[in-house]
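Read through the structure below, which is laid out as C-alpha cells, and then see the notes.
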Amino acid sequence: MPKELRAGVSFDGDTAQIAVLEIRDQDIELRHIEVRQRQALGELWFLEGVLQLKESSFKKMSKVSIAFDHAMVFLYCFPLDTSLHQTEQNEQVHWELSNFIPNYQAKEYINDVHILRTHAREQVADVLVVAVKRATLFHTHSMLAEHKLELQIADTNYFGAEISLFSNYPELKSKSVALVSTSKNRVDVGLLKNGRLTHYHYAIISPQECSKFLKEAFQNFLVSDIIFYGSGITVELVKTLREELGINSIILNPFRRVHIPPSLTAFDKFIGYEHQFAACVGCALRNP
C-alpha cells in the first residue's frame, strides 16, 4: 500500500489543532503538528492552517478530515419510535430538533442518527442525533476543493477522539469505559460498552465543576476506566477526579502508537498536552 498523507483538523473555541499523518498499512508517522489561534472572523477560520500547509510544505497532501467543535453542531438524545416507517422516523427527528434549534428548517441541516440502545419490547431506541448546517459543510467542501483537497471526514470532536481512544488503547474496547471531553465551559461524556456508544450526556459547566455531573452519569452505568481529553483537562484535575470518583482515570494520548520522528522538534512543545490533539488525530485515522 502506498503511503498517504492525511491532515486532521479540530477546533475548540478560538483554538485550532492540526496534525498531518503519513499512513502506510499499519504504520503511522506524525509529519506535522501545530496549534493556531483564530485570526480571521469568517466561519471557516480553522481551515487557514491546513490550506497554508497544502500550498507550502505538503503539496502531495490530498485529504483533510475535520472534527467540528461541539459548539458548532447540535447534539441531542431522545427515544425514537422504531415501530414507525423510516419516513415517519425522519419526521420525528425533525420534530425533536425543531423544539431546540431556533427557526429550524429540515432542508437546512444534515442529521446523523446514532443508535445507542434498543428496547425491542417497547419498540423504542435511544438515539443521539448530530445536526450541522448544510451550508457549513458545503462551504467547507468548496474551500478545500479550491486548494485541491478532499474533505474525507466531517465529524464532531467526540467521535474523532473515540477513534483515537481505540486506536491507541485497543485493550479498552472489550471494557465498559467513559470518554470525557472537556473545554472551557462544556463537558461531554460518552459511555462505551465493548466499543459501542450506549449513553451520551453533556453539560454547560467548567471542568472544575464536573465531579457531580460525572457521578450522575455513572449512577446506573459501571465503568472500569475514565479517559479524558480536551483543552480543559489537567493532570491535577484528573488526580482529583480519580480520588473523588474512585475510578481509574487517565488522559488520552493520541500519539501512543504513532511514530514521532526525532526530526520533528515541533512536537516537543506539546509534550504533556497531547490530549488536545485527540479529535484531529482520530479524524485523520478514520476511514470513510
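Some notes on this structure:
- The range 49-97, subset small (G, A, S) and in contact (Cβ under 8 Å) with a residue 12 or more places away in the chain, residue farthest from I205 (Cα to Cα): S57
- Within this structure, T198 passes the test of being among the β-branched types (V, I, T) and within 22 Å of A67 (Cβ to Cβ).
- Which listed residue, of D155, D112, is touching a Ser or Thr at 6+ places or on another chain (Cβ under 8 Å), among the acidic types (D, E) and either under 30 Å from E4 (Cβ atoms) or assigned to a loop (DSSP other than H, G, I, E, B) (or both): D155
- Scanning the range 261-288 for residues that are open to solvent by less than 50 Å² (accessible area, probe 1.4 Å) and part of a loop (DSSP other than H, G, I, E, B) turns up P261, L264, G272.
- Flag if L214 is open to solvent by 20 Å² or more (accessible area, probe 1.4 Å) and modelled with pLDDT under 95: no
- Within the set N220, N185, the sole residue that is closer than 27 Å to V35 by Cβ and in a loop (DSSP other than H, G, I, E, B) turns out to be N185.
- From the options V281, V238, residue that is of a type in the set (A, V, I, L, M, F, W, C), modelled with pLDDT of 95 or more and under 18 Å from I28 (Cα atoms): V281
- Members of the range 145-157 found to be over 24 Å from Q276 (Cβ atoms), of a type outside the set (D, E) and either crowded, with 20+ Cβ neighbours inside 10 Å or in contact (Cβ under 8 Å) with a residue 40 or more places away in the chain (or both), listed by number: H147, K148
- Within the range 158-179, restricting attention to residues that are assigned to a helix (DSSP H, G or I) and of a type in the set (A, V, I, L, M, F, W, C), the residue that is surrounded by the most Cβ atoms within 10 Å (Cβ to Cβ) is A161.
- Scanning the range 110-144 for residues that are more than 19 Å from the chain's Cα centre (by Cα) and open to solvent by less than 60 Å² (accessible area, probe 1.4 Å) yields V124, A125, D126, A135, S142, L144.
- Count - residues of the range 18-48 that are farther than 22 Å from K133 by Cα and either within 18 Å of the chain's Cα centre (by Cα) or touching a residue at least 12 places away in the same chain (Cβ under 8 Å) (or both): 19
- Note on the range 1-52: enclosed strands (runs of 3 or more DSSP E) holding 3 or more residues that are buried (at least 23 other Cβ atoms within 10 Å of the Cβ) and modelled with pLDDT of 95 or more are 4-12, 15-24.
- Residue count for the range 54-100 under the criterion of being within 22 Å of F11 (Cα to Cα), open to solvent by 10 Å² or more (accessible area, probe 1.4 Å), hydrophobic (A, V, I, L, M, F, W, C) and within 24 Å of the chain's Cα centre (by Cα): the result is 4.
- From the options S231, S249, residue that is at pLDDT 95 or above and touching an Asp or Glu at 6+ places or on another chain (Cβ under 8 Å): S249
The values are calculated or read from the model by the stated rules, or taken from the named source; none is laboratory data. Remember, it's a predicted structure, so these values are computed and weren't measured experimentally. Cβ atoms come from the backbone with ideal geometry, glycine included; neighbour counts cover every protein chain shown. The area values use the complete protein model at the heavy-atom level, side chains included, leaving out ligands, DNA and RNA. Shrake-Rupley method; radii C 1.70, N 1.55, O 1.52, S 1.80 Å.
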